[in-house]
Amino acid sequence: NAYWQACIDHKGIIHISWTWRESPDVASNHDICYARSTDGGVTWERSTGEKYILPVNAANAEYALKIPQNSELINQTSMTVNGRGAVLIASYWSDANGVPQYHVVQRTPGGWQAMDLGFRKNTFSLSGGGTKRIPIARPQIISWKNGKGYATGVIFRDEERGGYISIAVSKEGAPGSWQIIDIYKEDCGSYEPLYDMDLWNSEGRLHLFVQKTDQVDGEGRSALPPQMVKVLEWKKSR
């Protein structure tokens, strides 16, 4: 199966990226692939402009990054395109020390580049069937004009930080330049970030849907009572 995500840039180009899963075991997630369409989805091409011969499969897909199975790679995260037209894909998988870290995969003039945000300390295993209870959230990624360049923000929730809603910001979009800001200091349980994409794209205002949730491993039943729904607005700095 291919777990995919998509975005549409200011030129109307559709961008998709995905991970492959080989079996019901989430540990079999692997690799990040990419395709785009400039004609509303009629035809598809690689980041180089080379046309795909459909269907796209494991043999002919463009691999933004090769990530082996059993790497704690999560499925279906998020992507965006900054004002320069650079494709940005946010996900998490284990670093060289076996710690699941948030990463940003970016298409640069020289090819695909992966940036390890590198701030997490604790390990966990992403394996087994069903929906998993995971100590960190799938991230959301945004980008905005910052002086002569473009800043990048990765929105997440992490038990290491008390289950708060946080954002990792890089004003240069370069490795080693990430600043972590806790923007909502309440334990949100198993919350995963969700924001108003239309409002962000049209006005540059970040409105996050907030509700404490509880995901019991493998579709178990939670005793968490009903929780309030809130909208959090974060005002980005320049």
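Data table
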| item | result |
| --- | --- |
| Length added when fully stretched, residue 172-residue 63, from 0.36 nm per residue minus Cα-Cα | 36.7 nm |
| Set of lysines near residue 212 by C-alpha distance (under 24 Å), chain-local residues within fewer than 8 positions excluded | 121, 132, 185, 230, 235, 236 |
| Rounded to the nearest 20 debye, dipole of the chain from Cβ charges on Lys, Arg, Asp, Glu | 680 |
| Gaussian network model of the chain, springs between alpha carbon atoms under 10 Å - residue of 172, 219, 192 with greatest fluctuation | 219 |
| The chain: most fluctuating residue of 25, 39, 158 per GNM, C-alpha cutoff 10 Å | 39 |
| Quarter of the Cα convex hull surface for the chain, i.e. its orientation-mean projected area (nm²) | 13.3 |
| Segment 177-238 - Rg and Dmax from Cα coordinates, angstrom | 14.4, 44 |
| MRE, 222 nm, helices only [DSSP H, n ≥ 4, -39500 (n - 2.57), over the chain, to nearest 500] | -500 deg cm²/dmol |
| GNM top mover of 198, 187, 217 - the chain, alpha-carbon springs below 10 Å | 198 |
| Length added when fully stretched, residue 125-residue 54, from 0.36 nm per residue minus Cα-Cα | 22.0 nm |
| Gain in span if fully extended, residue 182 to residue 25, counting 0.36 nm per residue against the direct Cα distance | 53.3 nm |
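Since every read-out is calculated from the coordinates, none of them should be taken as a lab result. Just so it is clear, the structure is predicted and the values come from calculations on it, not from any experiment. Glycine also receives a Cβ, built like all others from the backbone with ideal geometry; neighbour counts cover every protein chain displayed.
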